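Before I ask anything, here is the structure I am working with.
The values are calculated or read from the model by the stated rules, or taken from the named source; none is laboratory data. Remember, it's a predicted structure, so these values are computed and weren't measured experimentally. Cβ placement follows ideal geometry from the backbone for every residue including glycine, while neighbour counts extend to all protein chains displayed.
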Amino acid sequence: MTTTMFNVFAFLSCFFGMELVAWFTHKYVMHGWAWFLHKDHHLKGEGQVFERNDTFFLVFATPGILLLGIGYLQGWDTPYPWMGLGITAYGLAYFLIHDIFIHRRFTLFRNSNNKYLLAIRRAHKVHHKKLGKEDGECFGMLWVPFKYFRNNY
């Protein structure tokens, strides 16, 4: 495998691997011992710009920043900056889909007829129907169970 192919693999592995990390962290940490930080996201009041839940951004961004820093020191021919870019790209996708499209924290991307994006929105609404930390479902962001693609769900 060439260096370029390996770096592409490192980028894609980290990007899609972050979905697993996000799912696990959301289900077992945010809805577990760190509920005190995530709770306001489920009980959010109108007009609230920042939430305690936003501190998780720092937790998820740190590995990407560290890998980008290591990559800066060791060079682009190593997998480290590509891994950092994969994590960072997932963070950007999360911000665009979760914060802007789903929760509409900014007035962009309000309407869409895209079946995938509508399924993401449906699944997230089901997740937020539970105001407590127990009995939740749909903890991921990019992977959506097929049942949410149906219009009648």
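Taking into account only those residues within region 1-32 that are hydroxyl-bearing (S, T, Y) and surrounded by fewer than 16 Cβ atoms within 10 Å (Cβ to Cβ), which is farthest from N53 (Cα to Cα)?
So, considering only residues that are hydroxyl-bearing (S, T, Y) and surrounded by fewer than 16 Cβ atoms within 10 Å (Cβ to Cβ), the one farthest from N53 (Cα to Cα) is T2.
Only residues that are without any contact (Cβ under 8 Å) to a residue 40 or more places away in the chain, more than 15 Å from L20 (Cα to Cα) and aliphatic (A, V, I, L, M): list them for region 125-146, please.
Correct list: V126 only.
Do we find a residue being within 30 Å of G132 (Cα to Cα) and of a type outside the set (D, E, K, R) anywhere in region 68-84?
no
So is G91 among the small types (G, A, S) and either modelled with pLDDT under 85 or out of contact with any Ser or Thr (no Cβ under 6 Å at 6 or more places or on another chain) (or both) or not?
Here the answer is yes, as G91 does meet what is asked.
Pairs please, first residue from region 24-41 and among the hydroxyl-bearing types (S, T, Y), second anywhere and part of a helix (DSSP H, G or I) and surrounded by fewer than 15 Cβ atoms within 10 Å (Cβ to Cβ), Cβ atoms under 9 Å, 6+ apart in sequence or on different chains.
T25/V59
Assuming V126 fulfils every condition listed in (1) of a type in the set (V, I, T); (2) modelled with pLDDT under 85; (3) more than 24 Å from F24 (Cα to Cα) apart from one, which condition is it?
Every listed condition holds for V126 apart from (3).
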